[in-house]
Every structure is written in C-alpha cells, then in structure tokens.
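Have a look at the structure below before the remarks.
The values are calculated or read from the model by the stated rules, or taken from the named source; none is laboratory data. Just so you know, these numbers come straight off a predicted model, no measurement behind them. Heads up, the Cβs are rebuilt from the backbone with ideal geometry, glycines too, and the neighbour counts pull from every protein chain shown. Heads up: the accessible areas ignore ligands, DNA and RNA and are worked out on the full protein's heavy atoms, side chains in. Shrake-Rupley method; radii C 1.70, N 1.55, O 1.52, S 1.80 Å.
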Amino acid sequence: MLIKLKNKDQLIVDDFIFKCAIGKAHFSSKKKEGDKTTPRGLFTLGRIYYRADRVKKPLTKIRTKIINKNMGWCDDPESKYYNKEILVDSKIKHEKLFKKDSSYDYFINIKYNEDMVKPYKGSAIFIHLTKNYKPTAGCIALKKKDFVILAKLVNKETQIKIC
C-alpha cells in the first residue's frame, strides 16, 4: 500500500482522502533540523505509539508501543542518539513523547533519516494528531478519527510518498 501526500492538505490512502497539516515551511527535498519543512521522498512507516492512559490500543497490522512518561525522541544533531527514541535524560536534547496536549496520543513514526542517520538532516518526523490543522514543525497531522482509520489500513509494507 502506498500513502500519498501530494499537496499541503490532503493525505490519500486507497479511497480515503484525509485533510491534514504539514510543516509550516511546506515541503523540502533538503530537510534540515529545525527548518519546519516536511521532507519529500518515499519512506516506510515505523511503529504506532499511543498513550494508553488516554486512548485505546489502535486496531492495526503494524507494531505498537505504549508511550510512558520517560520516553523522548532525540533531536540533538550532535548526539549519538540523534533521531532515535530515548529515555528522557536532561543531558540529551529531545522531544517529549508523553505530552500534556493530545497531539501525541497517537502517532506513527515515519522512517525518515533513520537507516544511516545524518546529523542535522532532521528528526522526529511523525504522523500525529491535530485539532485545528495548524502547521507543524515538519510532521503530518490528522484528526483523531482519521488517524484511527489510517491505523486500520496500514501494514508493515506500507510506504508514504511525500511529493
């Protein structure tokens, strides 16, 4: 299955067209850490993470993981843990996964800059939740009801094409 993001506000999955939000600075083929762009390219999907204290485990064919209070995602280009899930450590710059707002109640990790991680190329690119479709820092954001449908449709072979 191929998910397509052709413009800045539509994610196409089979016969479904979901309204979405992308990075504030739109798309880039030359993504850099902190540039607020959504990276262009063809990527596979990682796990679905979820807050079990707020939402149910999603019905899906891909691996899931419960988010806990000490989980983060390293966004420090100088760290050996750059663009990896980590245990929260005050010495390592990171994005908190256990957020106060609901944007990470569910999210899918897009496997961008993961196989051979390049510092400063960008990190923590997710499909996560939104309530208002405000631009993101580089992720793709969907309403919760649409994310739940997406979770049911994807499998471990699913790829996302960001044009």
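The length gained on full extension between residue 84 and residue 32, counted as 0.36 nm times the residue separation minus their Cα-Cα distance, comes to 17.1 nm. Helical content alone sets the calculated 222 nm signal of the chain at -2000 deg cm²/dmol, taking -39,500 (n - 2.57) per DSSP H segment of four or more residues and averaging over every residue. The residues of the stretch 1-126 have, on average, 58 Å² of accessible surface per residue, using a 1.4 Å probe with all protein chains present.
When the alpha carbon coordinates of the stretch 1-135 are projected onto the principal axes, the ranges are 44, 37, 27 Å, largest first.
For the pair residue 15 and residue 70, a Förster radius of 25 Å applied to the C-beta separation gives a FRET efficiency near 0.05, rounded to the nearest 0.05. Mean separation of Cα pairs under 8 Å and 6 or more residues apart, divided by the residue count, gives the stretch 97-151 a relative contact order of 30 percent.
By accessible area, using a 1.4 Å probe on protein heavy atoms only, the chain has 51% of its surface on carbon and sulfur. Between residue 116 and residue 161, full extension at 0.36 nm per residue minus the direct alpha carbon distance yields a gain of 14.3 nm. Taking every C-alpha pair closer than 8 Å and separated by at least 6 residues, the mean separation divided by the residue count of the chain gives a relative contact order of 33 percent. Simple point charges give the picture: +1 on the Cβ of Lys and Arg, -1 on the Cβ of Asp and Glu, and for the chain a dipole about the Cα centre of about 280 debye. Take the Cα of residue 62, step 7 Å toward its Cβ, do the same at residue 24, and the gap between the two points is 2.6 nm. Put simply, the amide H of residue 28, placed in the peptide plane, has neighbours under 5 Å in 38, 40, leaving out anything fewer than 5 places away on its chain. Summing Cβ point charges (Lys, Arg +1; Asp, Glu -1) relative to the Cα centre of the stretch 1-85 gives a dipole of roughly 180 debye. Using Cα centres only, tell me the gap between the stretch 36-115 and the stretch 124-148 in whole Å. What the calculation gives is 13 Å, centre to centre. Sorted largest first by accessible area at a 1.4 angstrom probe radius, with every protein chain in place, the residues 107, 27 fall in the order 27, 107. Could you tell me which residue out of 66, 20, 86 lies farthest along the dipole of the stretch 1-86 toward its positive end? Charges go on the beta carbon: Lys and Arg +1, Asp and Glu -1, centred on the Cα centre. Positive-most Cα among the choices belongs to 66.
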